[in-house]
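Worksheet: the structure to be examined is printed underneath.
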Amino acid sequence: MKVVLPDSSELELADGASGLDAARAIGPKLAEQAVLARVDGTTRDLRLPLADGEHVQFLTTRDTEDPDALYALRHSTAHLLAEAVMRLHPGVKIAIGPPIADGFYYDFEFAEPISEADLDAIEEEIRREIAEGREWAREEVSREDAIARFEAEEQPYKVELARDADGDISLYTQGAFTDLCRGPHLQNAKPIKAVKLTSLAGAYWRGDERNTQLTRIYGTAFFSQADLDAHLERLEQARARDHRRLGLQLDLFHFDEHSPGSPLWHPKGMVLYNQLEAIRRRENGRRGYLEVKTPLIYDKALWVTSGHWEKFRENMFLIPGDTEDQTYGIKPMNCPGHMLLFGSQLRSYRDLPIRYAEAAPLHRNELAGTLHGLTRVRYVTQDDAHIFCTEEQIAAEVDGCIDYVKYLYGLFGLEPHAELSTRPDDRFGTDEQWDVAEGRLREALERHELRYVISEGEGTFYGPKIDLHMTDVIGRSWQMGTIQYDMQMPARFGLTYMGPDNREHMPLVVHRALYGSFERFIGILVEHYAGSFPFWLSPVQVRVIPVGEGHRDAAEALRDRLDTEGYRVEVDDRDDTLGKRIRDAELEKVPFVIVYGDRESDDALAVRERGGEQSTISLDDLLSRFGSLAAEADPA
Ligand SMILES: [Zn+2]
Ligand SMILES: [Zn+2]
């Protein structure tokens with residue numbers, strides 16, 4: 001048989017030859033350094049056979065930044081972690097240990113709980129394994145053999161996984177440790193040059209809080225120490241910006257165990273929230289949206305009509321209805337209410353487009369284990385809107401949404417890029433409808449010169465969509481808003497309008513949320529700015545610090561004056577030293593601090609701008625500076 005190499009040359013191999021055989025046929029150096037084969041675009045363990053005509057590329061220890069190569073490296077390190085833990089903690093039960101973005105984890109059930117302090121010893125043990133040398137061997141076994149093996153080893157989680165696995169079951173063994181695993185894995189442990197166990201967390205077996213809580217050990221691994229060092233440096237920067245930490249430090253919000261995934265907004269956090277809300281209202285008004293308000297709960301019948309009962313019920317909170325056999329669902333999305341609004345009157349083509357906007361609280365029953373600060377919540381408020389329009393109007397409406405996104409993100413110095421998600425396997429509608437819809441979204445992205453990638457098969461069941469992402473100052477990509485094209489929900493609700501031909505036509509619908517949600521957007525802004533919000537957005541814009549008791553009245557008079565001008569000002573007249581109060585203002589990232597003492601007056605104020613030195617400036621000049629900074633909230 002022959003396989004095709006990346007330079008298009010063909011390589012003659014014996015039938016049944018493995019990836020490793022192919023690498024050996026090319027050269028001993030490659031055979032030694034190969035970690036993985038990429039065959040027709042998907043990765044394959046080197047130990048598996050190749051087939052005639054396949055296109056084969058080898059990933060080696062030099063592909064230090066290739067996600068697939070790192071994936072195999074980290075997955076292999078996860079197996080070393082499990083081996084190390086079993087050596088140090090005999091009797092431990094092992095669950096699953098996959099690679100994840102930036103690292104890997106493994107879940108264990110320990111007889112005695114362990115702490116962060118135990119991680120060093122485990123990490124040491126992994127290094128010892130690497131120094132001793134480990135080779136991975138792969139074997140395929142029957143389900144019965146796999147179950148019998150893990151029953152004998154008293155590993156109930158592995159038994160359960162073997163029972164539930166579909167298709168062939170493969171085992172990987174290194175040293176005295178065997179794991180149930182699909183692979184792919186490294187040939188041996190030599191390429192693992194740097195390992196770090198990073199943290200411990202609780203995790204329920206299969207993510208379900210009704211199951212046993214396991215201990216998850218997180219770690220990461222790299223092909224070089226320098227890569228690990230750079231990664232740890234990035235983590236440190238991310239920690240300094242973590243919105244959960246800054247949210248407490250800046251007194252913006254907190255979470256309470258009585259309502260997981262639902263932020264309790266503090267007054268200062270509400271300032272941020274209301275600033276975003278003011279922009280939403282202002283821009284919606286300018287762009288022809290109509291504000292509406294629809295119910296929070298609907299009976300099951302509505303969710304059946306909308307399709308949510310079939311496709312989204314797992315994520316809905318249900319409550320008993322008025323009678324025993326009635327159930328209400330708390331809304332996870334606004335769409336059905338807006339469909340009812342549209343359908344409540346006879347519509348003419350002259351009424352279209354109609355753009356309904358609503359920022360109602362929504363609830364989504366996300367698994368407790370997946371909740372993460374403001375970026376993954378159960379109580380979520382979208383800056384939602386549904387645009388009902390004709391075929392002829394939809395291109396202009398999508399254009400309008402993209403224009404809006406560019407304006408909105410521009411306010412925060414965020415550069416959006418997009419992901420165009422196309423038809424999934426499980427979908428409604430004909431191929432012709434999808435061709436048209438996908439084409440329209442693609443054309444809109446191109447008209448606006450928005451950078452985008454295509455995500456094949458990731459559209460919703462009712463239509464294709466554009467997801468908006470931004471990359472923050474430390475290079476992390478965040479998903480934010482979405483613009484979705486809907487060919488289905490208007491049909492499910494039987495919506496029509498009277499066309500110029502005096503016949504009924506179905507409107508198309510664009511669902512769009514541009515911040516995405518207030519919660520997530522604020523979480524991302526906190527990290528993006530590292531808490532140093534621009535002046536116009538800052539919860540406290542100015543803090544006046546009287547030097548002594550005798551300056552308090554003057555400080556309060558100044559506060560009142562600035563307050564009248566529309567600024568958010570506080571006086572800090574606590575008994576602490578001047579230095580301490582200035583430091584606190586810096587920690588709280590207040591944009592302007594005015595120190596008021598004997599020498600100060602309206603003609604000469606001692607002003608410290610965040611990150612700068614103290615300077616003397618008149619009140620008039622200060623007000624004009626504030627005026628231009630405040631205007632950034634609404635650039636012309
Ligand atoms: Zn594995
Ligand atoms: Zn919607």
Work out the charge dipole of the chain with +1 on the Cβ of Lys and Arg and -1 on the Cβ of Asp and Glu about the Cα centre, then indicate which of 165, 601, 538 is farthest towards its positive end. 601
For region 97-114, just list the computed ³J(HN,Hα) in residue order, Karplus coefficients 6.51, -1.76 and 1.60, θ = phi - 60°, integers in Hz, with x standing in for Gly and Pro. x, x, x, 9, 4, 6, x, 7, 9, 9, 9, 10, 10, 8, 5, 10, x, 10
Mind jotting down the distance between the C-alpha centroids of region 530-593 and region 97-117, whole Å? 46
Residue-count net charge about residue 242 - beta-carbon cut-off 12 Å; Lys, Arg +1, Asp, Glu -1: +3
Any aspartates and glutamates with Cα under 19 Å of the residue 2 Cα? List them, leaving off those in the same chain fewer than 8 positions away. 10, 12, 15, 21, 40, 45, 52, 54
Provide the descending list of Cα extents for region 478-564 along its principal axes, expressed in whole angstroms. 79, 31, 18
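If packing is taken as the average number of other Cβ atoms within 10 Å across a peptide's residues, how do 330-338, 516-524, 583-591 rank, most packed first? Provide the component values of the computation, followed by the final result.
On the way: 330-338: 22.0, 516-524: 24.4, 583-591: 17.9.
Highest-to-lowest ranking by the protection proxy: 516-524, 330-338, 583-591.
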Packing-wise, with mean Cβ within 10 Å as the measure, how do 304-314, 569-579 rank, highest first? 304-314, 569-579
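How do the peptides 422-433, 94-105, 467-478 rank, highest first, by the average count of neighbouring beta carbon atoms within 10 Å per residue?
Packing proxy ranking, top to bottom: 94-105, 467-478, 422-433.
Quick one: accessible area per residue over the chain, 1.4 Å probe, rounded to a whole number of Å²? Can you show the working numbers first?
Numbers: 29840 Å² over 636 residues.
It amounts to 47 Å² per residue over the chain.
Quick one, can you get me the convex hull of the C-alpha atoms of region 38-189 expressed as volume per residue in Å³?
Working: hull volume 18.9 nm³, N = 152.
That works out to 124 Å³ per residue.
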The rounded separation in angstrom of the Cα centers of region 450-471 and region 601-636 is 43
Cβ-Cβ FRET estimate between residue 14 and residue 506, R0 fixed at 45 Å, reported to 0.05: 0.15
Nearest 10, in degrees from 0 to 90: the angle of helix 143-152 to the longest Cα principal axis of the chain is 80
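Quick one: net charge of residue 416's neighbours, Cβ under 11 Å, K/R +1, D/E -1? If you can, show how the numbers build up before the last one.
Details: positive: 406, 451; negative: 415, 419, 467.
Once positives and negatives cancel, what remains is -1.
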For region 257-303 the translational diffusion coefficient, Stokes-Einstein from a Kirkwood Rh over Cα pairs at 25 °C and viscosity 0.890 mPa s, in µm²/s, is roughly 176
The chain: angle of helix 552-564 to the longest principal axis, Cα-based, in degrees nearest 10: 80
Expressed in angstrom and rounded, the centroid-to-centroid distance over alpha carbons for region 385-401 and region 248-302 is 25
Determine ³J(HN,Hα), in whole Hz, for all residues of region 415-424 in sequence, where each value follows from phi through the Karplus function 6.51 cos²θ - 1.76 cosθ + 1.60 and θ = phi - 60°; x replaces Gly and Pro. 9, x, 10, 10, 10, 9, 9, 9, 3, x
0 to 90° range, to nearest 10: angle between helix 619-630 axis and the chain longest Cα axis: 40
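As an exercise, take the mean of 1/r over every pair of distinct alpha carbons in the chain, invert it, and state the Kirkwood radius in angstroms.
Values: mean 1/r = 0.0346 Å⁻¹.
About 28.9 Å, per the Kirkwood formula over Cα pairs.
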Along each principal axis of its Cα atoms, how long is region 434-533 end to end? Whole angstroms, biggest number first, please. 57, 25, 24
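When the accessible area of the chain is split by element with a 1.4 Å probe, what percent falls to carbon and sulfur? If you can, show how the numbers build up before the last one.
On the way: 14360 of 29840 Å².
With neighbouring chains kept in place, the figure for the chain is 48 percent.
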Could you pull out every one of the aspartates and glutamates with an alpha carbon less than 12 Å from that of residue 589, ignoring same-chain neighbours closer than 8 positions? 251, 609
Both in Å, the radius of gyration and Dmax of the C-alpha trace of region 582-636 are 12.4, 41
Can you return the lysines within cross-link range of residue 300? Criterion is Cα-Cα under 23 Å, with same-chain partners fewer than 8 residues away left out. 311, 331
Rh by Kirkwood over Cα pairs, then Stokes-Einstein D for region 26-81 at 1.306 mPa s and 10 °C, µm²/s: 133
Summed side-chain charge close to residue 567 - residues other than residue 567 whose Cβ falls under 10 Å, Lys, Arg +1, Asp, Glu -1: +1
Gain on full stretching of the segment that runs from residue 322 to residue 26 - 0.36 nm per residue minus C-alpha separation: 99.2 nm
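The values are calculated or read from the model by the stated rules, or taken from the named source; none is laboratory data. For clarity, every value in this text was computed on a predicted model and none was experimentally measured. Here Cβ is always computed from backbone atoms with ideal geometry, including for glycine, and neighbour counts include all displayed protein chains. Remember, those area values only see protein heavy atoms, side chains included, never the ligands or the DNA or RNA. Shrake-Rupley method; radii C 1.70, N 1.55, O 1.52, S 1.80 Å.
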